[in-house]
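Taken together, the values in this text are just the output of simple stated rules run on the coordinates, not laboratory data. Computed from a predicted structure; not experimentally measured. Note that each Cβ is placed from the backbone with ideal geometry, even for glycine, and that neighbours are counted across all protein chains shown.
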Amino acid sequence: MSTTAPKTRSPRRRLGDLVFSGTTSGAALIILLALAGVAIFLTAKGVPALKATGDDLSGAKNIVSYTAPLVFGTLWAALLALLIATPLSIGVALAVSHYAPRRIATVLGYLIDLLAAVPSVVYGLWGSLFLAPRLVPSYSWLGDHAHWLPLFSDNSSATGRTIFTAAIVLAIMVLPIITAISREIFAQTPRLNEEAALALGATRWEMVRLSVFPYARSGIVSAVMLGLGRAMGETMAVAMVLSASGVVTFDLNSSTNPSTIAANIALKFADATGLRVNALIFTGLVLFVITFVVNFIARAIVSRADRRLAA
Amino acid sequence: MAKSIDVSDLNIYYGDFLAVEGVNMTIPARSVTALIGPSGCGKSTFLRSLNRMHEVIPGARVEGKVVVDGQSMYDPAVDPVEVRRQIGMVFQRPNPFPTMSIRDNVLAGLRLNNKKLKKADADDVVERSLQGANLWNEVKDRLGKPGMGLSGGQQQRLCIARAIAVQPQVLLMDEPCSALDPISTSAVEDLIHELKTDYTIVIVTHNMQQAARVSEDTAFFNLAGAGKPGRLVEMNPTKKIFSVPDQEATEAYISGRFG
């Protein structure tokens, strides 16, 4: 019996394959086009603002001195929000994935996801009408007793609508994102790695440190970076909570606060005309670039961590 | 430091499901005891109940007594974490900590027990443990490299080194060679021969030649029937089990006429 070689023929393109590859590449292309469209729009409309001066820039000398405090406020508020949200989210995610009894963990998971579904206006209302007034006594105490620290001013806010209040609201808003991603990754820790730690006589916490965290490290970084993106871009809640005056200060309790790019656009856009619109769009372009850079950094960190794991 | 283990009337559950029933057994010190039996008969479950690893599965629990050197392992006052520090375990598939170097893997258990370790002492432990696991010569020049970079057989010996670094009283091995090629298997078996002078070893294996090669005593587990719990059929010196076993079921299993 002779063996017959499999017939060689040119790979026939099946209709299903063609349709499927067409739709998927089309979808991918649309994303690129949309992104390019946004970038082109922001650049085209933002560039004229380079010529703007004084009147069009709320008194700032030029576009750089107009944008810089906003960039500072955006980054500062987002950083504060992440400082609050990251440990909290990781704690909640660990509780759901490794500590709580399964039934409670499921309910807790749903509740956290529900936080993500609350519209940001609602957070804004809650922050400005409920949270801010209740923080006034703490702010004034800090103003009286801790103003020698660079983080506190003796001129404490009477309304409580400070950058720190905004950061707390932002923290609650990014909490579900960071928690959901971390939870997924914690739950995927290989059972074998966890048992390796337990069998050596690790307590639950030591097991988490030995097995879960090293495995989840890159995932936590990307979760936090996604949260950072959300915190920097969040508009309504900050616009409603923050009583901004466009200063550059690290004070957390002051009555004068830096504004953020997104909130500034939301508050001023309705009344803006001419070059003022271009100035606002220019700040939007800056936010777009910052978000991009943050995402690239996150990718770089994650892929470096993955490479080291694989090595 | 090696201890004998006395097991009496041990029932092992997963939730309401009784997986292993009524085990009575004495595992002698400084010798190798093999657990054999068909898949699903509860030998791994039994092994994991010896260092309280069984109960890390939600709903899993144990009734009965496991006594190591006069100390009851399941006494309410006994911390399972302490038990696991004294009874080491090696798993079916090698599981070094993926982000750690070879050296840190060996020291992982010690760092849990005793946070502050002088560098010279740590070096001694690393060398002694890796020597003990027959791995020293292969890795002594790359202790700082990741443990995951080793071959499967080397990784398994690294896991053994990690387990013996804390000088446990007992070493449990759950099919330690099932993911290894014959050469690595033979390396691990040689190692078991050397380790039994210092440790009490209990090994689960599907490979009856392996049981015959490495163990002094062999325990045969079997299911009482489909859907019924597993139980200990017979435990005897390995020579006797493989020549003239007491039970017909044992003989049927060993000679391949199983069923």
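Can you give the extra length, in nm with one decimal, that the chain gains between A:Leu125 and A:Thr291 once fully stretched, where that is 0.36 nm per residue apart less the Cα-Cα distance?
Contour length minus Cα-Cα distance gives 57.2 nm.
What FRET efficiency comes out for B:Asp121 versus A:Ala300 if R0 is 30 angstrom and r is the Cβ-Cβ distance? Round to the nearest 0.05.
After rounding, the FRET efficiency stands at 0.20.
At most 14 other Cβ atoms within 10 Å plus a DSSP loop assignment makes a site exposed; report the longest stretch of chain A without any exposed trypsin sites (Lys or Arg not before Pro).
Result, exposed sites excluded: A:62-311.
Considering only DSSP states other than H, G, I, E and B, which trypsin sites (Lys or Arg not before Pro) in region B:140-193 qualify as loop sites with at most 15 other Cβ atoms within 10 Å?
Counting only loop positions with at most 15 other Cβ atoms within 10 Å, the trypsin sites (Lys or Arg not before Pro) in region B:140-193 are B:Lys140, B:Arg142.
Answer rounded, prolate or oblate for chain B, using the Cα gyration tensor with square roots of eigenvalues a ≥ b ≥ c: rounded when a/c is under 1.5, else prolate when a/b is larger than b/c, else oblate.
prolate
Suppose R0 equals 30 Å; then what is the FRET efficiency for A:Leu192 and B:Arg142 from their Cβ-Cβ distance, rounded to the nearest 0.05?
FRET efficiency, A:Leu192 to B:Arg142: 0.80.
For a 25 Å ceiling on Cα separation, which of these pairs sit above it: B:Lys43/B:Lys196; B:Lys3/B:Lys228; B:Lys65/B:Lys240?
Too far apart for the 25 Å limit: B:Lys3/B:Lys228; B:Lys65/B:Lys240.
Would you mind working out the magnitude of the charge dipole of the protein assembly as shown relative to its Cα centre, with +1 at each Lys and Arg C-beta and -1 at each Asp and Glu C-beta, to the nearest 20 Debye?
The dipole of the protein assembly as shown has a size of about 1640 debye.
Specify whether the C-alpha gyration tensor of chain A places it in the rounded, prolate or oblate class, a ≥ b ≥ c being the square roots of the eigenvalues: rounded for a/c under 1.5, otherwise prolate if a/b is larger than b/c and oblate if not.
It comes out oblate by the Cα gyration axes.
Sum up the lysine pairs in chain A that clear both bars: alpha-carbon distance under 28 Å and a spacing of 8 or more or different chains.
5
Just name one of B:Ala29, B:Ser72, B:Met53: the one whose Cα is farthest towards the positive end of the charge dipole of chain B (beta-carbon charges, Lys/Arg +1, Asp/Glu -1).
Value computed over the given set: B:Met53.
Which value in nm describes the separation of the simple spin-label points at B:Glu189 and B:Glu63, placed 7 Å from the Cα toward the beta carbon?
Result for the modelled spin labels: 4.0 nm.
What list of ³J(HN,Hα) couplings, whole Hz, do you get for region A:146-155 from phi and the Karplus terms 6.51, -1.76, 1.60, once you set θ to phi - 60° and write x for glycine and proline?
Taking θ as phi minus 60°, the curve returns 10, 6, 6, 6, x, 8, 10, 10, 7, 9 Hz for region A:146-155.
Among the lysines, which fall within straight-line cross-link reach of B:Lys119, defined as a Cα-Cα distance under 19 Å, with same-chain neighbours fewer than 8 residues apart omitted?
Candidates past the 8-residue exclusion: B:Lys140, B:Lys145.
Under 1.5 on a/c is rounded, so check that first for region B:211-259, then, if it is not, pick prolate when a/b is larger than b/c and oblate when it is not; a ≥ b ≥ c are the square roots of the alpha carbon gyration tensor eigenvalues.
Prolate, because a/c is 1.5 or more and a/b exceeds b/c.
Take the Cβ-Cβ distance between A:Asp144 and A:Asp271 as r, set R0 to 41 Å, and report the resulting FRET efficiency rounded to the nearest 0.05.
Efficiency at R0 = 41 Å is approximately 0.60.
Can you show me the helix-derived [θ] at 222 nm for the protein assembly as shown, built from DSSP H runs with n ≥ 4 at -39,500 (n - 2.57) apiece and divided by the number of residues, rounded to the nearest 500.
Counting only the DSSP helices, I get -17000 deg cm²/dmol.
I want to check the label-to-label distance for B:Glu82 and B:Phe17. Put each point 7 Å from Cα in the C-beta direction and report it in nm to one decimal.
Output for this residue pair reads 3.3 nm.
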